Amino acid sequence: MTRSSQPTRLPADVYESAVAAAKAASRTVPQQIAHWARIGREMESSPTVNHRQITQVLAGTSSYDSLAEREQAIVREAWEERTRTLRKGLDYAAGFDSAGEEYSELDEDGNLVVHRPTT
């Protein structure tokens, strides 16, 4: 069997998510995308996984509690991936600094650290 690679255009958010997930899983970006594609293929063809219900829960139109354990696991993984992607784009320190506000947090030893704006 001859394997060939076909160029494929991906939405930017999918590619960015793949970059983050690939690093965490020690894969290349193409390997991560192929991994997700295989999971999706198996999920959609599985007689024990209800793809329609999963899609409805992820869209917010159905209840997570209505899913079986396997579907709940798939939804939780999707939510975790969305959360990782969203967190990657957050920069609270820059936001507080540009707004001229101070903020506080705990360091690794549990000590209070107050950050004051630089402007």
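The values are calculated or read from the model by the stated rules, or taken from the named source; none is laboratory data. Values in this document were obtained by computation on a predicted structure and should not be read as measured data. All Cβ positions, glycine included, derive from the backbone under ideal geometry; neighbour counts span all protein chains shown. Keep in mind that these areas ignore ligands, DNA and RNA; they rest on the heavy atoms of the full protein, side chains included. Shrake-Rupley method; radii C 1.70, N 1.55, O 1.52, S 1.80 Å.
Quick look at the numbers
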| read-out | value |
| --- | --- |
| The lone exception for Pro117 - which of (1) surrounded by fewer than 10 Cβ atoms within 10 Å (Cβ to Cβ); (2) over 30 Å from Pro7 (Cα atoms) it fails | (1) |
| Residue within the stretch 60-70 that is surrounded by 12 or more Cβ atoms within 10 Å (Cβ to Cβ), under 18 Å from Arg84 (Cα atoms) and touching a helix residue (DSSP H, G or I) at 6+ places or on another chain (Cβ under 8 Å) present | no |
| Test result for Ser62, over 20 Å from the mean Cα position of the chain (by Cα), hydroxyl-bearing (Ser, Thr, Tyr) and at pLDDT 85 or above | yes |
| Any hit, the stretch 22-31, residues being of a type in the set (Gly, Ala, Ser), in contact with a helix residue (DSSP H, G or I) (Cβ under 9 Å, 6 or more places away or on another chain), open to solvent by less than 80 Å² (accessible area, probe 1.4 Å) and closer than 22 Å to Gln6 by Cβ | yes |
| When residues of the stretch 37-59 are limited to those that are surrounded by fewer than 14 Cβ atoms within 10 Å (Cβ to Cβ) and in contact with a helix residue (DSSP H, G or I) (Cβ under 8 Å, 6 or more places away or on another chain), the one farthest from Tyr15 (Cα to Cα) | Thr48 |
| Extreme residue, most open to solvent (accessible area, probe 1.4 Å), among residues of the stretch 71-112 that are more than 24 Å from Ala21 (Cβ to Cβ) and of a type in the set (D, E, K, R) | Glu108 |
